[in-house]
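Trainee: Dumping the structure here so I can ask a few things about it.
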Amino acid sequence: MLTRTPGTGFLGAHATIRAMPGTPVPMPIPAGLQAPGTEGAEFEPLIGLADLPPGALRRVTRGDLDLLIVHTPSGIVATDDRCPHMSAPLSQGALDGCVVDCPLHGARFDLASGGVVRFPNTGGLDTEGIHHAPWRPPESAPRPEQTDAKAMARAATRVRRIRYYPLRIRSGYVEVALPRP
Ligand code: FES
């Protein structure tokens, strides 16, 4: 089922934790994807569980940091509310299980692993620097390669890795470790 709400994802690759109804848990952070500056940082309450039902995506802003907090079937996760492609707010996308769709260029990201499920339809570079051609319908005829400045910029844009913020649940609130200034 797709759930679209204005507003906020998370855990380790291959995680199999399933939150029991009414007992949300943090999703493990995928190895190597913890946000810089959050090691040992203090936790801050950002949103009440009452405002984060299953399937919800919520944006929470602190200073110049826009965070995405998501209640997935595998737990609650916190990331940047910026698509790792061109920074569109994922909180305005759609959630299907642990997979979030970006509303701008149609990329899909698995919040449980941090992996790309579907590459942006603009094409570009993946995290390893490998080029992907722009998407086109399978039945459509190949189009001549574009070489204008915008096309070149799109081709050189790399999808970055998703960064995750440690979180815990205390007294009905989701508390997130924010980077130290
Ligand atoms: S900004 Fe999200 S897919 Fe391009």
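Only the coordinates and a few stated rules stand behind these numbers; no lab work does. This is a predicted model, so every value here is computed, not measured. Please note: Cβ atoms are built from the backbone with ideal geometry, for glycine as well, and neighbour counts cover all protein chains shown.
Trainee: Show me, for the stretch 61-67, the HN-Hα J-couplings you get by feeding each phi into the Karplus relation (A = 6.51, B = -1.76, C = 1.60, θ = phi - 60°), rounded to Hz, glycine and proline as x.
Mentor: Working through the residues one at a time gives 10, 10, x, 9, 9, 9, 9 Hz.
Trainee: Another question about this same structure. Considering the options Pro179, Val25, Ala107, tell which one lies farthest towards the positive end of the dipole of the chain, charges being +1 on Lys and Arg and -1 on Asp and Glu at the Cβ, about the Cα centre.
Mentor: The one lying farthest along the dipole's positive direction is Ala107.
Trainee: Which value, to two decimals, describes the C-alpha radius of gyration of the chain once divided by 2.2 N^0.38 Å?
Mentor: Dividing the Cα radius of gyration by 2.2 N^0.38 Å gives 1.07.
Trainee: Can I get the semi-axes of the stretch 34-125's equivalent ellipsoid? Compute them from the C-alpha gyration tensor as square roots of 5 times the eigenvalues, in angstrom, largest first.
Mentor: 22, 16, 12
Trainee: Still on this structure, please answer the following. Using Cα centres only, tell me the gap between the stretch 124-149 and the stretch 73-109 in whole Å.
Mentor: 22
Trainee: To the nearest 0.05, how large is the calculated FRET efficiency for Arg168 and Asp64 if R₀ is 30 Å and r is the Cβ-Cβ distance?
Mentor: The pair Arg168/Asp64 has a calculated efficiency of 0.80.
Trainee: About its Cα centre, how strong a charge dipole does the chain have in debye, to the nearest 20, once Lys and Arg get +1 and Asp and Glu get -1 at the Cβ?
Mentor: 100
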